[in-house]
Amino acid sequence: MKKMRTPAALVVALAAAAVIAAPAQADEEDAKALLKAMSDYLGSQDSISFAYDTDLEVVTSDLQKIAFASSGRMTLERPGKLHASRTGGFADVEIFYDGSTLTVLGKTLNVYTQATEVPDTIDELVDWLRANHNVQAPGADLLFANVYDQLIPHVTDVKDLGQGVIRGVACDHLAFRTEDVDWQIRIASEGDPYPGRYVVTSRLMAQAPEYRIEISDWTAGQPADASLYSFDNATGAEEVQIEDLAGLGELPNLAAAGE
């Protein structure tokens, strides 16, 4: 019986494929491990506070891309306390959530709305706002107690793009792809692995609009005073229905869907 010989060219090709495939697989596993480490760190923190800047892009009917910017601060205590402020998008909004009542204050018009039949955890509150009031807030992905399980299930491609610097902080740069969106995250590589920048890019819309949130002034493990999470109507704001409160989302009222 003749021995089968593998052509030398094929041996070289197989060896090259092994060299190329191994780093790609390693990069994917490294990227997932970095994301999981960030997720575990975030989930283990009872209290978190940070400042943020966002850009939300929209595409007009004539394919002009426009970005709306806003800034604010977020403070939370797990499982069910959150305070957030946001200025920009033609609105100045403050949110109070103490685990039983959600209050949204429109500071520019001095009006507010309250909901008492709300979930009692931050994770469930984010889902509730998205499902019932169309408040998508892509940056809220980072508020979940288990960010990894929230983001990774639909991922089809993973890349570890090395390191970059965000506001002077060295960060690992990771890129992920799903059928609907591409998303990138920069994670601080020195000290606590907190998210420095999160970018979500639509793959289904013309011009590929993006949502970007950049995080700074990160603080963990320092609980805030309980009064921060409860609304005190010190300005005599008028109560309105949630549908009538402008600025709950990050898109200005002048930018309506389809326009």
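The values are calculated or read from the model by the stated rules, or taken from the named source; none is laboratory data. This is a predicted model, so every value here is computed, not measured. As a convention, Cβ positions derive from the backbone with ideal geometry for all residues, glycine included, and neighbour counts pool all protein chains shown. Please note that ligands, DNA and RNA were not included when accessible areas were found on the heavy atoms of the full protein model with its side chains. Shrake-Rupley method; radii C 1.70, N 1.55, O 1.52, S 1.80 Å.
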Counting pairs of alpha carbon atoms under 8 Å apart in space and at least six apart in sequence, what relative contact order in percent does segment 38-140 give?
16
Here, residue 132 and residue 206, labelled 7 Å along Cα→Cβ, have an inter-label distance in nm of 3.7
What's the ranking of 223-235, 37-49 by average number of surrounding C-beta atoms within 10 Å, highest first?
37-49, 223-235
How do 131-141, 211-221, 97-107 rank on mean C-beta neighbours within 10 Å, highest first?
97-107, 211-221, 131-141
Using Cα pairs closer than 8 Å and at least 6 residues apart in sequence, work out the relative contact order for segment 89-134, in percent.
27
Ignoring ligands, DNA and RNA, what percent of the accessible area of segment 128-198 is carbon or sulfur (1.4 Å)?
44
So how far, in whole Å, is the C-alpha centre of segment 157-234 from the one of segment 88-140?
20
³J(HN,Hα) computed for each position of segment 99-108 - Karplus, 6.51 cos²θ - 1.76 cosθ + 1.60, integer Hz, glycine/proline x:
x, 10, 10, 10, 10, 10, 9, x, 6, 5
